[in-house]
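Notes for the one structure printed next.
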Ligand code: PGA
């Protein structure tokens, strides 16, 4: 009932030539099954949108400005602009944004709202650090990351959004959460939505991210509350990304 989603987060990797080659290889395989979203660096969004035209592949951004509209905000790219060039999704609160750009839960609630106002579907990324996990604070940290958005925007805001659980200790480290660890947190995330609205909780897709590879994807995606994946490193190699998409069928 919840269609799976596989999103590729290219992070700060690639070039126009790489985008053409990678998207070409993905299109040639015409992967079926999950919804597939490619999130290139913002300067390549137009190019990737053009390459994906006429296919089922969709394009997302990795970040957006906190403020709506336009204005004197040097370097920022607004939700309207991302939508204008063809993005339809956007990552909000990736741990690398939280860590290196000091993005707070309140700031991210505004980005989330701005995305939706412009017709972008936000993918809200949540997750704990290793220290937080070891201190037994997983539910406290993730609960607050989710409730900050609900407090600011209301639970109905999740009618048009996706969540991604990305334990910070698993991102780019090769240390993947076990399927049982992922399922436990995914079920907790769904319970937090269900506290507000059981129907929305049942419909919202919750992706897992953090060292997803072809070898571990199927087992993760088989968990009842894991609705697909947010893929970093393995989204840069067509064969790996396609194998992960196949695991989400
Ligand atoms: P990874 O990154 O798959 O390289 O661990 C995931 C992400 O940060 O979205």
Mean ellipticity per residue at 222 nm, deg cm²/dmol - from DSSP H runs of n ≥ 4 across the chain, formula -39500 (n - 2.57): -12500 deg cm²/dmol
Full-extension gain in nm, residue 74 to residue 104, via 0.36 nm per residue minus C-alpha separation: 8.8 nm
Please give the Cα centre distance for the range 1-47 versus the range 112-182, rounded to the nearest Å. 22
Under a 10 Å cutoff between Cα atoms, tell me which one of 210, 172, 127 has the largest fluctuation in the Gaussian network model of the chain. 172
Under 10 Å, Cα contacts only: if you run a Gaussian network model on the chain, which one of 72, 201, 61 comes out with the highest mean-square fluctuation? 72
Going by C-beta contacts inside 10 Å, put 191, 235 in order with the fewest on the left. 191, 235
Please find, in a Gaussian network model of the chain (springs between Cα atoms separated by less than 10 Å), the residue of 33, 229, 209 whose mean-square fluctuation is greatest. 33
Between residue 56 and residue 3, how many nm apart are label points set 7 Å from Cα along the C-beta direction? 0.7
Using just the alpha carbons, could you tell me how many Å³ per residue the convex hull of the range 1-81 encloses? 115
Could you work out how much longer the chain between residue 140 and residue 194 gets when fully extended? Use 0.36 nm per residue separation minus the Cα distance between them, nm to one decimal. 17.8 nm
Kirkwood estimate for the chain, i.e. one over the average of 1/r between Cα atoms, Å: 17.9
Given a cut-off of under 8 Å on Cα pairs at least six residues apart, what relative contact order in percent is computed for the chain? 22
Given R₀ = 35 Å, FRET efficiency for residue 13-residue 159 by Cβ-Cβ distance, to 0.05? 0.60
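Bear in mind that the values in this text are calculations on the coordinates, not laboratory data. Treat the numbers as computed from the prediction; the structure is a model and nothing was measured. Note: ideal-geometry Cβ built from the backbone for every residue, glycine included; neighbour counts use all protein chains shown.
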